[in-house]
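A.B. asks: My structure is below; once you've seen it, I'll send some questions.
The values are calculated or read from the model by the stated rules, or taken from the named source; none is laboratory data. For clarity, every value in this text was computed on a predicted model and none was experimentally measured. Positions of Cβ are backbone-derived with ideal geometry, glycine not excepted, and every protein chain shown enters the neighbour counts.
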Amino acid sequence: MNSIEAVETVDVVVIGAGQAGLSSAYHLRRTGFEPGRDVVVLDHSPGPGGAWQFRWPSLTYGKVHGMHSLPGMELTGADPERPSSEVITEYFADYERTFDLRVRRPAEVRAVREGADGRLLVESSAGTWATRALINATGTWDRPFWPRYRGQETFRGRQLHTAQYPGPEAFTGLRVVVVGGGASGTQHLMEIAPYAAATTWVTRRPPVFREGPFTEDLGRAAVALVEERVRQGLPPKSVVSVTGLPLTEPVRQGIADGVLDRQPMFDRITPDGVEWKDGRQVAADVILWATGFRAAIDHLAPLRLREPGGGIRVEGTRAVADARVHLVGYGPSASTIGANRAGRAAVRDIRRLLSEEPVAA
């Protein structure tokens with residue numbers, strides 16, 4: 001940071017304006033924090049919508065599972081045939097205007113470090129803020145996970161990640177290997193299959209399909225498993241990763257048609273495809289990595305919050321190593337309903353923290 005750069009002073013900085021960040025900003029405003037004066041919300045994206053603005057066009061709103069409205073304003077009357085990127089981006093933009101959340105964008109947060117007088121210093125492309133508390137709501141979209149496999153650099157075809165998925169038409173006439181056993185992998189396969197010359201589905205572990213309704217008890221049990229990881233300072237798994245894949249009618253049809261015919265993980269990548277240990281090969285023009293994302297928290301590195309296990313230990317939303325820092329949309333709150341609840345919980349804890357702070361002499 002340039003030593004002559006002006007530093008603004010606020011009570012709370014919120015990093016990220018997706019579901020978790022907007023929920024947090026709403027609860028801050030609702031409990032008396034004034035946007036622009038007491039609170040600043042920073043978002044690195046070009047416009048409203050969080051990660052939703054980058055979703056592929058064929059993911060229509062009707063295909064979205066488990067999208068919960070933001071607190072205080074329902075999302076109603078949306079056309080299920082419209083791209084979710086359009087529907088939810090418009091909704092987030094309306095939400096920001098309705099509650100006057102004054103999101104600053106584009107603002108790329110470079111680092112959060114220890115400042116003076118017990119404050120945290122948030123350094124970004126849009127300015128620097130000294131804050132008494134921080135809500136980190138940066139999600140995972142900016143950190144797609146690319147596994148490494150022997151021979152990967154020799155592949156003559158195209159490799160891309162879910163984050164770059166352009167829609168099924170781009171795979172017309174191509175031989176496609178889809179890697180990943182989550183919801184994105186199965187959605188991509190079922191979309192691509194009618195267009196591609198051939199598809200192959202590869203996962204590290206056999207997929208677990210879940211029959212029957214996803215009950216409240218099952219949801220609580222899944223969240224508890226993820227919570228236990230973050231309590232131990234391990235990198236969080238997504239809630240979806242421990243719930244299994246819902247056995248919907250399209251999924252049943254995909255299994256019946258042979259599209260969702262899972263193969264074990266290949267041993268290496270060749271110039272023309274993939275190969276297993278037993279010598280079996282599959283030719284491919286494209287390898288699509290539906291291998292998930294990791295938490296985007298590198299800007300917090302100066303605070304040294306990471307545990308030896310690689311994650312940040314969190315109790316509720318509070319970082320165990322620093323009570324001023326809350327992570328919302330991290331681990332067990334990495335779902336739309338989880339983010340809403342976590343935003344409220346983080347604000348409650350922050351209000352308690354700030355009211356107990358000793359007054360500087």
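A.B. asks: Could you list, in sequence order, all residues of the range 260-296 that are within 26 Å of LYS237 (Cβ to Cβ) and assigned to a loop (DSSP other than H, G, I, E, B)?
C.D. replies: Within the range 260-296, the subset within 26 Å of LYS237 (Cβ to Cβ) is 260-267, 269, 274, 287-296.
Residues satisfying the conditions are LEU260, ASP261, MET265, PHE266, ASP267, ALA290, THR291, GLY292, ARG294, ALA295, ALA296.
A.B. asks: Given the residues ALA183, ALA137, ALA196, which is the only one that is within 28 Å of ALA283 (Cβ to Cβ), at pLDDT 95 or above and hydrophobic (A, V, I, L, M, F, W, C)? Give the derivation first.
C.D. replies: Numbers: ALA183 fails: at pLDDT 95 or above; ALA137 fails: within 28 Å of ALA283 (Cβ to Cβ).
It is ALA196.
A.B. asks: Here is a list of conditions, (1) more than 27 Å from GLY244 (Cα to Cα); (2) part of a loop (DSSP other than H, G, I, E, B); (3) not basic (Lys, Arg), and TRP129 meets all of them except one; can you say which number that is?
C.D. replies: Looking at each condition in turn, TRP129 falls short on (2).
A.B. asks: Looking at ARG318, ARG304, can you tell me which residue is surrounded by fewer than 21 Cβ atoms within 10 Å (Cβ to Cβ) and at positive phi?
C.D. replies: Numbers: ARG318 fails: at positive phi.
After applying the criteria, what remains is ARG304.
A.B. asks: Taking VAL12, is it within 12 Å of VAL347 (Cα to Cα), touching a helix residue (DSSP H, G or I) at 6+ places or on another chain (Cβ under 8 Å) and not hydroxyl-bearing (Ser, Thr, Tyr)? Don't jump to the end; show me each part of the working.
C.D. replies: On the way: within 12 Å of VAL347 (Cα to Cα): yes; touching a helix residue (DSSP H, G or I) at 6+ places or on another chain (Cβ under 8 Å): yes; not hydroxyl-bearing (Ser, Thr, Tyr): yes.
So VAL12 passes the test.
A.B. asks: Run GLY310 past the list (1) buried (at least 17 other Cβ atoms within 10 Å of the Cβ); (2) under 20 Å from the mean Cα position of the chain (by Cα) and report the number of the one that doesn't hold.
C.D. replies: For GLY310, the exception is condition (1).
A.B. asks: Can we say GLU8 is surrounded by fewer than 23 Cβ atoms within 10 Å (Cβ to Cβ) and either within 23 Å of the chain's Cα centre (by Cα) or among the β-branched types (Val, Ile, Thr) (or both)? Explain how you work it out, then say what you get.
C.D. replies: Numbers: surrounded by fewer than 23 Cβ atoms within 10 Å (Cβ to Cβ): yes; either within 23 Å of the chain's Cα centre (by Cα) or among the β-branched types (Val, Ile, Thr) (or both): no.
It is false that GLU8 is surrounded by fewer than 23 Cβ atoms within 10 Å (Cβ to Cβ) and either within 23 Å of the chain's Cα centre (by Cα) or among the β-branched types (Val, Ile, Thr) (or both).
A.B. asks: It is to be established whether one or more residues within the range 181-194 are touching a strand residue (DSSP E or B) at 6+ places or on another chain (Cβ under 7 Å), assigned to a strand (DSSP E or B) and in contact (Cβ under 8 Å) with a residue 40 or more places away in the chain. Working first, answer last.
C.D. replies: Our first condition is that a residue be touching a strand residue (DSSP E or B) at 6+ places or on another chain (Cβ under 7 Å); within the range 181-194, this holds for 181, 183, 185-186, 188-189, 192-193.
From what is left, the residues that are assigned to a strand (DSSP E or B) are none.
Scanning the range 181-194 turns up no residue that is touching a strand residue (DSSP E or B) at 6+ places or on another chain (Cβ under 7 Å), assigned to a strand (DSSP E or B) and in contact (Cβ under 8 Å) with a residue 40 or more places away in the chain.
A.B. asks: Can you name every residue in the range 26-51 that is buried (at least 23 other Cβ atoms within 10 Å of the Cβ), within 18 Å of the chain's Cα centre (by Cα) and assigned to a helix (DSSP H, G or I)?
C.D. replies: Answer for the range 26-51, where residues must be buried (at least 23 other Cβ atoms within 10 Å of the Cβ), within 18 Å of the chain's Cα centre (by Cα) and assigned to a helix (DSSP H, G or I): just GLY50.
A.B. asks: Can I ask one more? Checking the structure you have, find out if any residue of the range 60-67 is within 30 Å of GLU356 (Cβ to Cβ), in the same structural domain as PHE33 (by TED's automatic domain parsing), surrounded by fewer than 17 Cβ atoms within 10 Å (Cβ to Cβ) and in contact (Cβ under 8 Å) with a residue 40 or more places away in the chain.
C.D. replies: No, that holds for no residue.
A.B. asks: GLU96: in contact (Cβ under 8 Å) with a residue 40 or more places away in the chain, in a helix (DSSP H, G or I), under 27 Å from ARG352 (Cα atoms) and in the same structural domain as GLY32 (by TED's automatic domain parsing), yes or no? If you could, list the steps in order and put the result at the bottom.
C.D. replies: Values: in contact (Cβ under 8 Å) with a residue 40 or more places away in the chain: yes; in a helix (DSSP H, G or I): yes; under 27 Å from ARG352 (Cα atoms): yes; in the same structural domain as GLY32 (by TED's automatic domain parsing): yes.
It is true that GLU96 is in contact (Cβ under 8 Å) with a residue 40 or more places away in the chain, in a helix (DSSP H, G or I), under 27 Å from ARG352 (Cα atoms) and in the same structural domain as GLY32 (by TED's automatic domain parsing).
A.B. asks: Out of the residues in the range 307-347 meeting the condition of being in a loop (DSSP other than H, G, I, E, B) and among the polar types (S, T, N, Q), tell me which one is modelled with the highest pLDDT. Talk me through it step by step, then tell me what you get.
C.D. replies: The initial filter retains those residues of the range 307-347 that are in a loop (DSSP other than H, G, I, E, B), namely 307-311, 313, 316-317, 320-321, 328-330, 334-335.
Add one more test, that the residue is among the polar types (S, T, N, Q), and what stays is 317, 335.
Details: THR317: 93, SER335: 72.
Among them, the one singled out is THR317.
A.B. asks: Mind counting the residues in the range 144-180 that are touching a residue at least 24 places away in the same chain (Cβ under 8 Å), part of a helix (DSSP H, G or I) and surrounded by fewer than 17 Cβ atoms within 10 Å (Cβ to Cβ)? Explain how you work it out, then say what you get.
C.D. replies: Kept after step one, since they are touching a residue at least 24 places away in the same chain (Cβ under 8 Å), are these residues of the range 144-180: 144-147, 149-152, 154-163, 165-169, 171-180.
Right, trim to part of a helix (DSSP H, G or I) and you get 152, 154, 162-163, 168-169, 171.
Now drop any that are not surrounded by fewer than 17 Cβ atoms within 10 Å (Cβ to Cβ), which leaves 152, 154, 169.
Residues that pass the stated criteria total 3.
A.B. asks: Kindly establish whether ASP79 is in a loop (DSSP other than H, G, I, E, B), assigned by TED's automatic domain parsing to the domain that holds THR60 and surrounded by fewer than 17 Cβ atoms within 10 Å (Cβ to Cβ). Let's see the steps before the verdict.
C.D. replies: On the way: in a loop (DSSP other than H, G, I, E, B): yes; assigned by TED's automatic domain parsing to the domain that holds THR60: yes; surrounded by fewer than 17 Cβ atoms within 10 Å (Cβ to Cβ): yes.
Yes.
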